[in-house]
Amino acid sequence: AGVDGDFHLLEKAYRGMNLDNFATFLQFFKQAGHNLDATNPEGKTLVQIASEHGHGGDYVVALRTAGASD
């Protein structure tokens, strides 16, 4: 099956962007019709993954503000 394309883009942005750039990216991502709730092969969303990371809290807030679910 492989990795969902939207999840792949979200994860790359999360890992590679500072918070301000990530928040801006999320707006463009959503406006382009991409899925903020895309899942990895294990069925986890980026909100769920970032919630497990010590530095992920502000990114979770940005994802939720952009419209991602818990």
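Spacing of the modelled spin labels on Lys12 and Ala32, each 7 Å from Cα toward Cβ, amounts to 0.9 nm.
Summing +1 for each Lys or Arg and -1 for each Asp or Glu, what net charge is found among the other residues whose Cβ lies under 10 Å from the Cβ of Asp70?
Values: positive: Arg64; negative: Asp37.
Charge balance near Asp70 sits at 0.
Its DSSP H runs of at least 4 residues, each contributing -39,500 (n - 2.57), put the calculated 222 nm mean residue ellipticity of the chain at -17500 deg cm²/dmol, to the nearest 500. Simple spin-label estimate for Leu19 and Glu42 gives 2.5 nm between the two label positions (7 Å along the Cα-to-Cβ direction from each Cα). Peptides 11-23, 38-50, ordered by how many other C-beta atoms sit within 10 Å of their residues on average, highest first, read 38-50, 11-23.
I'm checking a number: the convex hull volume of the Cα atoms of the stretch 23-70, normalised per residue, in Å³. What is it? Walk me through the numbers on the way to the answer.
Details: hull volume 3.3 nm³, N = 48.
Given the Cα convex hull of the stretch 23-70, per-residue volume reads 69 Å³.
Every number in this text was worked out from the coordinates using simple rules, so none of it is lab data. Not measured: the values here are computed from a predicted model. In this analysis, Cβ positions are derived from the backbone assuming ideal geometry, glycine residues included, and neighbour counts consider all displayed protein chains.
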